[in-house]
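Note sheet for the following structure.
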Amino acid sequence: MKGRKLLMIPGPIEFEPDVLQALGMATTSHVAPNFIEVFGKSLELMRDVWNSPKGQPFIVAGTGTLAMDMSVANLIEQGDNVLIISSGYFGKRFKDIFDGYGANTTILEAPLGEAVSLDLIEKELKSKKYKALTITHVDTSTGMLIDPKPIAQLAQKYNTLSILDGVCSVAGEEINQDEWGIDVVLTASQKAIGVPPGLALLMVSQKAMEVWKNRKTPIPNYYSDWNNWLPVMKAYEERRPSYFGTPAVNLIVALETSLKIICKEGIENRVKRHKNLAKAFRAGITALNLEILPQTTDIAANTLTAVYYPKGIVGAKLLSKIASNDIIVAGGLLSGIQTSYFRIGHMGSVSPNDLVAVLAALERSLLELGYDVESGKSLQAFQGELLKAK
Ligand code: PMP
């Protein structure tokens, strides 16, 4: 479609037509039998996507920040020690939420573009009793990917709950929640889950549910309190009507549609597709002599890429040129370096053709701004890498 813009920011993303169509259906009652079935099925499908057959799923109207808030409000009590392993803006947000609930937080950060070492994490866990630690699986502000598996193992060793911010990773990066022993994996609808913004999604381990049940003080937040939501989730899963706050009916119908699409592709295939596309995309970016923010490829996200503007190129001008080529990408987010880099989302139903379009628009825009690069180089690198992956 002429003039149609391709939304390549790290959420919201381009959505499948079937998902958008599901959103437009006539809204039914939240206790109608057809909706009860959709809600119940969505909870069940979440377990497949999270690889958490034993987890307790929650679907609540709200954003990713609400999912973060819920994990804190329910699991943390005043004065609890919490370790935040941060790799950007969203690690700091988690710290702010914990601080708001009176937790005693410690934040571990590595130099920009590097991951906090496991040794440092273990040293900190040894130093005092931590109730919980948090990991941002993919920090959307930096494009950094943190491997949660060894950190979750450390958390188990020190009897600490592990909470994974998977807002920019669930259904895009590899997650085996039960096998890896992660206690909470939370996300939002608008990223790799593939549904317009408005749903907070969590999967909570039985261990964390026990910690929640045995807490000594009341939960100081009415909307986030699992005492209100757990009976609703249990009822929908047992296909019984229930009510606490009116569910986002149309969004949940869209969620079921998207979860079915994800499960049809198969979560392993989907993760592999994200990995292959991200690797090829990074090859395209480096062929333009551009630098990506994570310093090594093992910590570069497969759901988005953060790229520094080259010397001599004004960021705002580049982004508006790319936009005039009908591709929407995102500017920087991390304070201090906000104007020195930009971000491209490539998650959900992203295809090789979408990324060809991004690289072509980026290369053309750079050339128009006087950047010295051979035309076609990024596409050549992208195609070459993609063919190798086949
Ligand atoms: N965590 C991460 C890693 C995110 O990328 C975001 C959103 N960009 C959030 C948390 C917050 O989610 P929301 O904007 O839906 O509240």
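The values are calculated or read from the model by the stated rules, or taken from the named source; none is laboratory data. These numbers come from a predicted model, not from an experiment. A quick note on method: Cβ atoms are made from the backbone with ideal geometry, for glycine too, and the neighbour counts reach across all protein chains shown. Ligands, DNA and RNA are excluded from the accessible area calculation, which covers all protein heavy atoms including side chains. Shrake-Rupley method; radii C 1.70, N 1.55, O 1.52, S 1.80 Å.
What the table shows:
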{"read-out": "Value of [θ]222 nm, deg cm²/dmol, for the chain, DSSP H segments ≥ 4, -39500 (n - 2.57) each, nearest 500", "value": "-13500 deg cm²/dmol"}
{"read-out": "Residue 364 accessible area, assembled protein chains, probe 1.4 Å, Å²", "value": "110"}
{"read-out": "Pairs beyond 29 Å (Cα-Cα), from 95/311; 41/279; 5/311", "value": "95/311; 41/279"}
{"read-out": "Residue order for 374, 256 - accessible surface, 1.4 angstrom probe, largest first", "value": "374, 256"}
{"read-out": "Nearest-10 value in Å² for the accessible area of residue 238, using the 1.4 Å probe", "value": "110"}
{"read-out": "Angle in degrees between helix 148-157 and the longest Cα principal axis of the chain, rounded to the nearest 10", "value": "30"}
{"read-out": "Given 54/131; 191/260; 123/207, the pairs whose alpha carbons are separated by over 18 Å", "value": "54/131; 123/207"}
{"read-out": "Calculated P(r) tail over 22 Å for the range 203-275, as whole % of Cα pairs", "value": "46"}
{"read-out": "Fully extended contour minus Cα-Cα distance, from residue 210 to residue 238, at 0.36 nm per residue", "value": "8.0 nm"}
{"read-out": "Heavy-atom surface of the chain, accessible at 1.4 Å and reported per residue (Å²)", "value": "41"}
{"read-out": "Those aspartates and glutamates that a straight Cα-Cα span of less than 19 Å connects to residue 128, excepting residues fewer than 8 apart in one chain", "value": "77, 80, 99, 109, 119"}
{"read-out": "Distance between modelled label sites at residue 178 and residue 335, nm, 7 Å Cα→Cβ extension", "value": "4.2"}
{"read-out": "Accessible area (Å², 1.4 Å probe, nearest 10) - residue 146", "value": "20"}
{"read-out": "Accessible carbon and sulfur surface of the chain relative to its total accessible area, %, 1.4 Å", "value": "53"}
{"read-out": "Folded to 0 to 90 degrees: helix 267-287 orientation relative to the chain principal axis, Cα", "value": "30"}
{"read-out": "Theoretical gain in end-to-end length, residue 158 to residue 357 [0.36 nm per residue, Cα-Cα removed]", "value": "66.9 nm"}
{"read-out": "Stretch gain in nm, segment residue 286-residue 104, where the contour uses 0.36 nm per residue and the Cα spacing is subtracted", "value": "61.4 nm"}
{"read-out": "Under 14 Å from residue 321, Cα to Cα: aspartates and glutamates that are on another chain or at least 8 residues apart", "value": "363, 368"}
